[in-house]
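A short write-up of the structure that comes next.
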Amino acid sequence: MTAPFHKTLRKHALALVTLLALAAAPFLGFGDGFALSLLARAMILGMAAVSLSLLVGGAGLVSLGHAATMGIGAYTVVAFDAAGISEGLIVFPAAIAAAAAYALVTGAVSLRTSGVHFIMITLAFGQMAFFTTSSFSSLGGDDGYTLYARTEWLGTRILDSRLTFHFLCLGLLALVWVGGGLLLGSRFGRVLRAARENPQRALAVGFQPYPYRLVAYVMAGAVGGLAGALLANATEFVSPALLSWTRSGELLFMVILGGVGQLGGAILGALAIVLLEESLSHLMVYWRLVFGPLLVLSVLFLPDGLVGAPLRLRAAFRFASPKRRNADA
Amino acid sequence: MPDPLLELRGLSKNFGALTVTSDVSLTVLPGEIHAIIGPNGAGKTTLIHQISGTLRPDRGTIRFAGQDVTALPFERRARLGLARSFQITSIVPGFTALENVALAVQARSGSSFRFLRPVAGEAALNAEARAALDTVGLGRVADRGAAALSHGEKRQLELAIAIAMNPRLLLLDEPLAGAGPEETERLIGILRALRSRYGILLVEHDMQAVFALADRISVLVYGRVIVTGTVDEIRGHPEVRTAYLGEDALA
């Protein structure tokens, strides 16, 4: 018994509109290099945020080390670049596999803990990855590494076109979002959701949550790796800052700002934060003084995140005008 | 006498200097309701924990369906057909009643490492889940959120989940706790209807219910089984009277 089509559409309306707006943006005056690279960054971070949302909202696993998977994806691109290999059919699968392998090893250990301990241990692994990349002197160490060229696909340099890159990111973002949604609605996702809400109940019917959580953790890591490989291409520069724990915190904030209950929230959260950061930093020097309080207010007044905002606004509006409520009834 | 479904032999458990289970041996036969009664702090719930696998005994063995399960974890015992209900209701509040039960059906029907097909549309899982809900009389609230059910309905839902596991033994930890008189009547009716299909180990405070349902009763005092017998034997047992039962419960 799947939900009727119009209901599904309504539930995901905000995320769908956002994706459509992103598709239309290049033709509505946001087609210059600056705007496109900004949007690409938002979409790539959005991808990583959606994969984190799968862990946080879906499986109840609050990771504070998700940026490490992104960094590993990016550094894989860089390592191949340094070796003179820039073929996407090699580089991208390798980036995804490297991040997934990292998630498998660290997840196998981290997932034996829960709650605050899980947060701390994912943070610790993230810091280990951060310091490891800082010590790669052949890849620039602390200073980072500038790519010679963007990744090629079968020898052609299609990623050099900003418009192509824009739609590649958009397509992959949509794919990750839809795939994540299907995942949560599947048998596998049901076990994850049950174990999040009541692990004792999952055990009592015969499900040990650990292997399910580990597979989810590896999948999220793989998406993080993909996002990292794209990010390396978007900025053509990679530094350890990409793996810093503040970056992990930022991803977590995108998820929370957008709304933990829905994967689409992470897309909205990523877009909102990237655009807000950009516009505020143009307006004033001390933009962080405004940015911080804005985030605090959003958490206070939008507990369901941006995806929950329309419903909340409508409820507030109805409360304010009882006449309208009568008319509706 | 048929082979016992569950057999505890010399089960002992200490928490530091406190002995909570002391040399407990008992059996549950197929199709039998074996009740465990005892005053508060007698170690009834601790015993249930050891049988279900959430606590390891210090000594002794637990055999279930002819297999030594003493070292098996909780979820493995569940898969063997040992279904447990909890003293404090344990359901998935964010799921509908149907989904709570379908989760249990899913656990014994094929792999759950399936990633794309919407599970809510799996007719086979839903049909079995609905049947279990109908058995406990919750068919009409199948699509309601589990969190919105009344206390008694949640207790019934937990029974439905246990039934949906297609178990061989039900391990019920105070299934009537907190239920009103009407709900108690209904739950007793449900348990009576289930007795032919499963062995049931019942821990319950409600004496009327225990006397109405049990085939055999074991009395647990300070972690030790002081006597096991039929309802009439227990009613008349002098040690039980002094140790546990108030005179009015026997009237």
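The values are calculated or read from the model by the stated rules, or taken from the named source; none is laboratory data. Owing to the predicted nature of the structure, the values given are computational and were not obtained by experimental measurement. As a convention, Cβ positions derive from the backbone with ideal geometry for all residues, glycine included, and neighbour counts pool all protein chains shown.
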Which condition number in (1) within 12 Å of chain A (Cβ to nearest Cβ); (2) part of a helix (DSSP H, G or I) is the one that B:Gln50 fails?
-> (1)
What tally of residues in segment A:145-176 results from selecting those that are within 14 Å of chain B (Cβ to nearest Cβ) and touching a residue at least 24 places away in the same chain (Cβ under 8 Å)?
-> 1
Across segment B:142-166, which residue is farthest from B:Lys44 (Cα to Cα) among those that are in contact with a strand residue (DSSP E or B) (Cβ under 7 Å, 6 or more places away or on another chain) and either of a type in the set (Val, Ile, Thr) or outside any loop (DSSP other than H, G, I, E, B) (or both)?
-> B:Gly145
Selection within segment B:178-230 - of a type in the set (S, T, N, Q) and out of contact with any Ser or Thr (no Cβ under 8 Å at 6 or more places or on another chain) = B:Thr184, B:Ser196, B:Gln208, B:Thr230
Evaluate the following for B:Ser218: is it part of a strand (DSSP E or B) and small (Gly, Ala, Ser)?
-> yes
Please verify whether segment B:167-174 includes one or more residues that are crowded, with 16+ Cβ neighbours inside 10 Å and in a helix (DSSP H, G or I).
-> no
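When you look at A:Thr133, is it more than 9 Å from chain B (Cβ to nearest Cβ), surrounded by 23 or more Cβ atoms within 10 Å (Cβ to Cβ), in contact with a Pro (Cβ under 7 Å, 6 or more places away or on another chain) and at negative phi, yes or no? Step through it out loud before you land on a result.
On the way: more than 9 Å from chain B (Cβ to nearest Cβ): yes; surrounded by 23 or more Cβ atoms within 10 Å (Cβ to Cβ): yes; in contact with a Pro (Cβ under 7 Å, 6 or more places away or on another chain): yes; at negative phi: yes.
Yes: the conditions hold for A:Thr133.
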Exception for B:Ile91 within (1) at negative phi; (2) crowded, with 17+ Cβ neighbours inside 10 Å; (3) more than 10 Å from chain A (Cβ to nearest Cβ) falls at (3)
Apart from one, (1) within 14 Å of another protein chain (Cβ to nearest Cβ); (2) surrounded by fewer than 18 Cβ atoms within 10 Å (Cβ to Cβ) all hold for B:Thr230; the odd one out is (1)
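If I filter segment B:118-127 for residues that are closer than 19 Å to B:Arg197 by Cα and either within 11 Å of chain A (Cβ to nearest Cβ) or β-branched (Val, Ile, Thr) (or both), do I get at least one hit?
no
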When you go through (1) within 14 Å of chain B (Cβ to nearest Cβ); (2) modelled with pLDDT of 95 or more; (3) not in a helix (DSSP H, G or I) one by one for A:Thr2, which number turns out not to apply?
-> (2)
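From B:Arg84, B:Arg79, which residue is closer than 17 Å to A:Phe207 by Cβ, within 14 Å of another protein chain (Cβ to nearest Cβ), surrounded by fewer than 23 Cβ atoms within 10 Å (Cβ to Cβ) and among the basic types (Lys, Arg)?
Of B:Arg84, B:Arg79, the one residue that is closer than 17 Å to A:Phe207 by Cβ, within 14 Å of another protein chain (Cβ to nearest Cβ), surrounded by fewer than 23 Cβ atoms within 10 Å (Cβ to Cβ) and among the basic types (Lys, Arg) is B:Arg79.
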In segment B:203-219, what residues are of a type in the set (S, T, N, Q) and in contact (Cβ under 8 Å) with a residue 60 or more places away in the chain?
-> B:Ser218
Quick one: would you say A:Gly84 is of a type in the set (Gly, Ala, Ser), free of Cβ contacts under 8 Å to residues at least 24 places away in the same chain and assigned to a loop (DSSP other than H, G, I, E, B)?
-> yes
Quick one: is A:Thr122 modelled with pLDDT of 95 or more and either among the β-branched types (Val, Ile, Thr) or farther than 21 Å from A:Ser248 by Cα (or both)?
-> yes
Is it true that some residue in segment A:58-73 is outside any helix (DSSP H, G or I) and under 22 Å from A:Leu170 (Cα atoms)?
-> yes
Any chance B:Ile33 is touching a helix residue (DSSP H, G or I) at 6+ places or on another chain (Cβ under 9 Å) and more than 9 Å from every other protein chain (Cβ to nearest Cβ) = yes
Can you name the residue in segment B:61-76 that is assigned to a strand (DSSP E or B) and at pLDDT 95 or above and is also nearest to the other protein chains (Cβ to nearest Cβ) among such residues?
-> B:Phe64
Does segment A:219-235 contain at least one residue that is touching a residue at least 40 places away in the same chain (Cβ under 8 Å) and surrounded by fewer than 17 Cβ atoms within 10 Å (Cβ to Cβ)?
-> no
Complete set of residues in segment A:13-37 that are small (Gly, Ala, Ser) and assigned to a helix (DSSP H, G or I) = A:Ala13, A:Ala15, A:Ala21, A:Ala23, A:Ala24, A:Ala25, A:Gly33, A:Ala35, A:Ser37
